[in-house]
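Below is one structure, written out as structure tokens; the observations come after it.
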Ligand code: AMP
Ligand code: ZN
């Protein structure tokens, strides 16, 4: 049944779909022709021979004549009648018996057979294959991950038990694909799983568990599993997953952190040893409207400002950069320094209220995160959650004209837009910005292509499922400490390239060459991390650099110094 469905699906795609449209138009033409002939048949019968037939009889006559069956039960007895019958027979032969089968064969059957004959799925990898990355489950996350693998020239193989998908991925997208069931030990052996570098399990939780168990019965290759329900993480570990990524929970946390204006410690994004990276909104601090020099943040707290975010644009600031009301400042420093900053940012809890639009897995995780602070929020979803009984939800379509107004969005200080549909998210971002020019909007992009549109629609922050997931996978693969800060910016660690040893930061020309900035230095002697080192600092061999930059800049760094 499944095979039949996938075969039928062939006719609904690409060129076959275009051809199907032609067939439908041709069908309409034939129908019109039959109806016209049937009408003419009745007219001629009545006017030439005085006989009356029903419309159904007319259609019956036309079909039998056009298909050259001609039973002879209804016949004309006059010359004009014979001529009409001959015309119907000939047009039937042309349109029904020649053009129709020819069209069906050339437009559908031939391309389908050709495709079948051409594509031979791969069932196993060559025995000498080593160091490859096996990917089970293709979605926007693994697709974004594959882009990264391609950029690094790493060998990957996608495994699928769906013939159509195998064909599409291999022929249209150019991936290396093996066709087979992920839980079949023979398939896994053919995938040379024991010699693989990593396995990425990105199917449903039960399927991932099954993959882990089967692989563990064969070898110890590390497995990274993406888990839908964070409660299943322990089960997956028990089944043999090396690392389990509760992506929905991580995304919920990202969204929640960025939606509030609470004190600095609550905004720690990541840490590298004693060094923490945090960001706080300028709104509500005494720094609003000042330049970085005037704000004297370093003098007051010891923290270094490593970045500035304003409506989707990230800049590495200079002394003259203005701290606008809507900007977010990104800091690097110790916990104690962040505590010192808390005095300035304060706890503005009374006037905080967050709207969470979409109570799915990610919206629910964001709410759970806000519960812990606690920060008040209102959840809106058009359905009851099948899994969460904990949260109170305002039921209604968030895109409805009055839903948000009625729920009191006027009182909100922030909104998290997290439905599973990007068009809805873009629409909700626009509406929220329109209703509330100063609200903080944090939006989720289900597909990476929509990140730009969400920023254009007025989001302050966009978090894309695909790039967060792909970044986490890449960092695990490369055993690399790297924080994912926001769309397009990351803090990453690299050993000092030999070419730069002995130079000062200024002489290294790292920033003009790669666009990356040095956030901190970890000296080789194990002494304390040097945050925001001045340009005259000399780079000694053995130092570890902590850099900030976008994915292109990170790639450029690796290309130049890799
Ligand atoms: P998830 O992908 O698990 O985070 O789920 C997304 C959630 O968004 C689901 O619970 C949907 O019911 C919800 N959702 C989708 N569209 C709308 C909408 N127009 N209004 C309210 N909730 C929505
Ligand atoms: Zn919930």
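Read-outs throughout are calculated quantities, based only on the coordinates presented, and are distinct from any laboratory measurement. Everything numeric in this text was worked out from a predicted model, so none of it was measured. Ideal geometry is used to build each Cβ from the backbone, glycine not excepted, and the neighbour counts take in all protein chains shown.
Some points to look at:
- By other beta-carbon atoms within 10 Å, ranking 444, 116 with the fewest at the front produces 116, 444.
- Taking 1.567 mPa s as the viscosity and 4 °C as the temperature, the Stokes-Einstein diffusion coefficient of the chain based on its alpha-carbon Kirkwood radius rounds to 46 µm²/s.
- On Cα atoms only, tilt of 140-151 relative to the major axis of the chain in degrees: 70 degrees
- Dividing the C-alpha radius of gyration of the range 409-457 by 2.2 N^0.38 Å, with N its residue count, gives 1.05.
- Shape of the range 65-192, Cα gyration tensor, a/c cut at 1.5: prolate
- Whole-number Å³ per residue for the convex hull built on Cα positions in the range 173-268: 140 Å³
- C-alpha long axis of helix 465-477 to longest principal axis of the chain, angle in °: 60 degrees
- Relative pair counts by distance (%), Cα atoms of the range 317-435, 10 Å bins: 11, 36, 30, 18, 5, 0
- Inter-label distance for residue 293 and residue 56, nm, one decimal - labels placed 7 Å from Cα along Cα-to-Cβ: 9.4 nm
- Global geometry of the range 297-387, whether rounded, prolate or oblate, following the gyration tensor of its Cα atoms and the 1.5 cut on a/c: prolate
- Relative to the longest principal axis of the Cα atoms of the chain, the long axis of helix 422-435 lies at roughly 60 degrees.
- Note: relative contact order over the range 405-530, using C-alpha pairs below 8 Å and six or more positions apart, is 14 percent.
- Packing-based ranking of 386-392, 555-561 yields 555-561, 386-392, ordered from highest to lowest mean Cβ neighbour count within 10 Å.
- Per residue of the chain, the DSSP helices (runs of n ≥ 4 H) give a summed -39500 (n - 2.57) that works out to -12500 deg cm²/dmol at 222 nm.
- Exposure proxy order (Cβ contacts within 10 Å, fewest to most) of 98, 306, 59: 98, 59, 306
- When the Cα atoms of the range 398-543 are aligned to their principal axes, the ranges along those axes come out at 64, 31, 27 Å in descending order.
- Per-residue Cβ neighbour counts within 10 Å put 429, 183, 514 in the sequence 183, 514, 429, beginning with the fewest.
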